[in-house]
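**Student:** This is the structure I have questions about; it appears just below.
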Amino acid sequence: MGISIWQLLIVLVIVLLLFGTKKLRNMGGDLGAAIRNFRGAVKEGGDEAKEAADAADAARIENDSEPTADAATMSAKERESA
């Protein structure tokens, strides 16, 4: 029940008659440019997301290495009781 090769050829001929080869060539070029732009935007977005994640990781590591106010207060209390 699928589409046969003859049915596809008939549809192709009808499309060629309706639009013409020049119009189809322009549409194909426009479609190719759109796909290239989309891929570039996705890649840029992925690069920006990776940079943001790296910056967040670096900030988290920096915050983890600095003593917090609670830790400093606890150290002072422990020194007083000792």
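The values are calculated or read from the model by the stated rules, or taken from the named source; none is laboratory data. Values in this document were obtained by computation on a predicted structure and should not be read as measured data. The accessibility values were calculated without ligands, DNA or RNA, using every heavy atom of the protein model including side chains. Shrake-Rupley method; radii C 1.70, N 1.55, O 1.52, S 1.80 Å.
**Student:** Two decimals is fine: what is log10 I(q)/I(0) at q = 0.14, 0.20, 0.27 Å⁻¹ for segment 1-57, from a Debye sum with one equal scatterer on every Cα and no solvent?
**Tutor:** Values, matching the q order: -0.63, -0.82, -0.97.
**Student:** Given a 1.4 Å probe and every protein chain left where it sits, what share in percent of the accessible area of segment 19-69 is carbon and sulfur?
**Tutor:** Values: 2550 of 4430 Å².
Roughly 58 percent of what the probe reaches on segment 19-69 is carbon or sulfur.
**Student:** Further, regarding this structure: Can you give the extra length, in nm with one decimal, that the chain gains between Asp47 and Val13 once fully stretched, where that is 0.36 nm per residue apart less the Cα-Cα distance?
**Tutor:** 7.9 nm
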